[in-house]
């Protein structure tokens, strides 16, 4: 019996129109990256497991797809390992004890040595260290490739999706942060997204807040809590702060920041006062102020640029600027993110290399463009011209003509058999053909070829030369 | 201790210049596919194992990368399964008995349910059946995506590599075969490969040969043997035919075909006589003759098109035309292949759909272009203009200017700090920057900006407006 065809949950087939629309997004992002002097790299889809594991925390490790060794993958396993493990692991992974997880992990390490990349950042760090002698620093790379995560599939969450990243490593210059604000603005303006906000913060400001509130050692707890303001509201944040043991005095000190209002200048002024006693906090203010001032000087197309003191985005990663972009009224969360990190390559042996980078969420941008109906007309996959087929000799004539038209850039096709005209026109319709050429024996003899405009229905007679000229000007 | 960074054997990192060169190849192929009315699709990197397994023969199955289920993948395994299997499988896979392979396979099926695609053809067949109601037939698709094979890594053989396929399904028209000859010729001519041969044959001719020699039931053995003529020579083929039990009479009948000489017309004439008693053989001659005649009418840029009666390319697959392309004097085997197949989608439940398709081997084409030094100059990843940085105020000025230049399509960059000029120029060199702009306080005040051509070493003074004009015309 034939298999009923399907694909794994959380993956997608892309039909021609989907590909055209996604290509439009990727090309737009790529062209802006390139104009800022970023160059492309690509890394393998799978890395050694040791490159990836342990870099994303326990939750991340669980979501990494591991690849089974080929051949007899059991040859490195002893009977006792397995029986020992199996008696312990007849359960949901989440219910396993940490010791059982270790047993399972030890078996995994022996039956698998490669894993699909989880993001583009860790492979990039590995790449920079491995090829450091072939690169010139500051190294500005962009990378547009798929990543894989064993997340439970749900709406807008896929197991395979593209990331579009640009990073600079080997410089702590704030000018690159200024550039990234411009890049967000230019890409999203080019994509015609009507209104969007670039949120910006600085990890040093968050450190300053923890310091000023007398809870410097609870920096991570505080920022993780504050980061949820959007989702859980002020009360939720205060609740979490209490749970984490942050003192009531500290909470009282921090709380006013949740509702910081006013222009960026006004917010900066408030924060400068708030952080007056924190050296690192003031440094953060200074950096952020520089980026905002330069952005003001350079100008912005469409973005609203907003200092958001509650923005943290996975704090243990970023060390300076933090970015996030949201499209207004789209019902979709953040569509871009990024920030500065100071020791990304350290784990692979190259210390003290500062970097800053951003990422565009292509799938979410796709959803925004779909919701607002913003894809340009020419992403409707189509054919410029279909030659109807009236028989072998006519087809040969049309094949010659289509070869000449392709040479001047016209996408065209000859219907493959002399089927009924109705069928051929239906095919032209289905393929969104803009024109159909009707060339039978009469037309060849008279030299008057018939060209039908499929949008207007108009039909005109043209000589071969006129047809060429028509499409040259098209 | 830091990990020493590396990647799995058989995989590659692509540096910026590699990506530029590969993109050049992909774009060239894509533009020709598109001009012939092919539209792009993409399928997920991993498919359900059941979609892939059993489609490529036992050897193929062994080379499919399977993905370990996430979470507690052992939960579907009983202790007895494993102990039973383990006592049997402490060996090389190739030394396992077929029963042990089955045991291992049964475990694999429970700890893995997905696998990385092995080629683009089977996923395409699955796609066509799954989306048949959304497609219009004949459906012409192209697909340029990576595939993965657990082959033992060696020179020019990778575990991850791209395939560039174009197929038409839903028509048996020979016009598409004519098109594919044109497509081979146009892509490889555009890529500037100096000389190449498109070999063409027809499976029906091979069937006719087996029939005429009285060994119709040994068709596969005969064609598999003949297909090796290139590698093992005439004697080798005869030896293999004997081993397969092909009669001496049949061998005597077939042997003269190994050294078929002359023009395509002469070869066709010889074969028409040879196959005079075989209906299917003559049908093959007729089809092939049509394709060659139409090709003659349409004209060819650079290709040598040659009827090769020994060409088989994995016979159990093709049913009509068979194609293979070789670059002359390149020391590299075939760079493209393809042919007609009649029931690709049958296994997924859609019967009697004829198709024809071709594939470009991007990695081998890359090697040919490298060997002949044929990559265009502009695939040397570079930057058009680097602004030197003399300090904050100068940098701000340069950032503004670079924003204007990017708007007119100039890729440019501002050096991120006011480092020593020597260092900045070295960076410009490393990045292959074509120009460096030198703008300090004096230049800003006088309005005479200095622009240095990095190829010629010439330096000229330009106003801001002149600089814009200079690059507009660039």
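Each value in this text was obtained by applying a stated rule to the coordinates, not by laboratory testing. Everything numeric in this text was worked out from a predicted model, so none of it was measured. A quick note on method: Cβ atoms are made from the backbone with ideal geometry, for glycine too, and the neighbour counts reach across all protein chains shown.
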Going fewest to most other Cβ atoms within 10 Å around each Cβ, B:341, B:158 line up as B:158, B:341
Counting pairs of Cα atoms in segment B:165-228, how many percent are more than 21 Å apart?
48 percent
Convex hull of chain A built on C-alpha atoms - directionally averaged projected area, nm²:
32.0 nm²
Quote the FRET efficiency, to the nearest 0.05, computed for residue A:234 versus residue A:81 with a Förster distance R0 of 56 Å and r equal to the Cβ-Cβ distance.
0.60
Tell me the angle of helix A:175-190 to the major Cα principal axis of chain A, expressed in degrees between 0 and 90 and rounded to the nearest ten.
40 degrees
What is the angle, in °, between the Cα long axis of helix B:16-35 and the longest principal axis of the Cα atoms in chain B? Nearest 10 is fine, range 0 to 90.
60 degrees
Looking at the calculated P(r) for segment B:323-367, what percent of the C-alpha pair distances fall above 11 Å?
69 percent
Restricting things to alpha carbons, tell me how big segment A:76-207 is in terms of Rg and Dmax, in Å.
21.6, 62
Against the longest principal axis of chain A, how steep is helix A:421-430, in degrees 0 to 90 to the nearest 10, with axes from Cα atoms?
20 degrees
Can you list the copy-to-copy distances for residue A:54, using a point 7 angstrom from Cα toward Cβ, in nanometres, shortest first?
4.2
So for B:429, A:92, fewest C-beta neighbours within 10 Å to most, what's the order?
A:92, B:429
Compute the FRET efficiency between residue A:58 and residue A:351 as 1/(1 + (r/R0)^6), taking r as their Cβ-Cβ distance and R0 = 25 Å, and round to the nearest 0.05.
0.50
Over the whole of A:400-410, what's the average partner chain Cβ count within 10 Å per residue? Rounded to a whole number, please.
3
Relative contact order (percent, whole number), segment A:286-395, Cα cutoff 8 Å, 6+ residue spacing:
16 percent
Largest first and in whole Å, give the semi-axes of segment A:1-66's equivalent ellipsoid, each being the square root of 5 times a Cα gyration tensor eigenvalue.
28, 26, 11
For segment A:189-339, with equal point scatterers placed on the C-alpha atoms only and solvent neglected, what are the log10 I(q)/I(0) values from the Debye formula at q = 0.13, 0.18, 0.21 1/Å, to two decimals?
-0.58, -1.09, -1.42
Computed curve, segment B:398-474, Cα-only Debye sum without solvent term, log₁₀ I(q)/I(0) at 0.12, 0.23, 0.26, 0.27 Å⁻¹, is -0.32, -1.30, -1.60, -1.66
Test of understanding: what is the full-extension gain from residue B:157 to residue B:317, defined as 0.36 nm times their sequence separation minus their Cα-Cα distance?
55.3 nm
In deg cm²/dmol and to the nearest 500, what is the mean residue ellipticity at 222 nm of the protein assembly as shown if only DSSP H runs of at least 4 residues count, each as -39500 (n - 2.57), divided by the residue total?
-13000 deg cm²/dmol
List the distances, in nm and shortest first, from the label point of residue A:233 to the matching label points in every other copy, placing each point 7 Å from Cα along the Cα-to-Cβ direction.
8.7
Stokes-Einstein D for segment A:316-469 (37 °C, 0.692 mPa s, Kirkwood Rh from Cα pairs), in µm²/s, comes to 164 µm²/s
When all C-alpha to C-alpha distances in segment A:198-280 are sorted into bins of 10 Å, what percent of pairs does each bin hold, rounded to whole numbers?
18, 54, 27, 1
Equivalent ellipsoid semi-axes - Cα gyration tensor, segment B:326-411, angstrom:
50, 23, 9
Starting from the Cα of residue B:302, step 7 Å along the direction of its Cβ; do the same at residue A:461; then give the gap between the two resulting points in nm.
4.3 nm
Inter-copy spacing of residue A:442 label points, which lie 7 Å from Cα along Cα→Cβ, given in nm from shortest upward:
8.0
Taking Rh as the Kirkwood radius computed over alpha-carbon pairs of segment B:123-201 and applying Stokes-Einstein at 10 °C with viscosity 1.306 mPa s, one gets a diffusion coefficient in µm² s⁻¹ of 103 µm²/s
Averaged over A:45-54, how many beta carbons belonging to a partner chain fall within 10 Å of each residue's beta carbon?
4
Apply 1/(1 + (r/R0)^6) to the Cβ-Cβ distance of residue A:109 and residue A:421, taking R0 = 56 Å, and write down the FRET efficiency to the nearest 0.05.
0.30
Partner chain coverage, peptide B:69-81 - average Cβ within 10 angstrom:
6
What does the convex hull of the Cα atoms come to per residue for segment B:28-145, in Å³?
142 Å³
Alpha-carbon radius of gyration plus Dmax, which is the widest Cα pair, for the protein assembly as shown in Å:
31.7, 102
Would you kindly calculate the translational diffusion coefficient of segment B:355-395, applying Stokes-Einstein with the Kirkwood radius from alpha carbon pairs, for 4 °C and a viscosity of 1.567 mPa s, and quote it in µm² s⁻¹ without decimals?
89 µm²/s
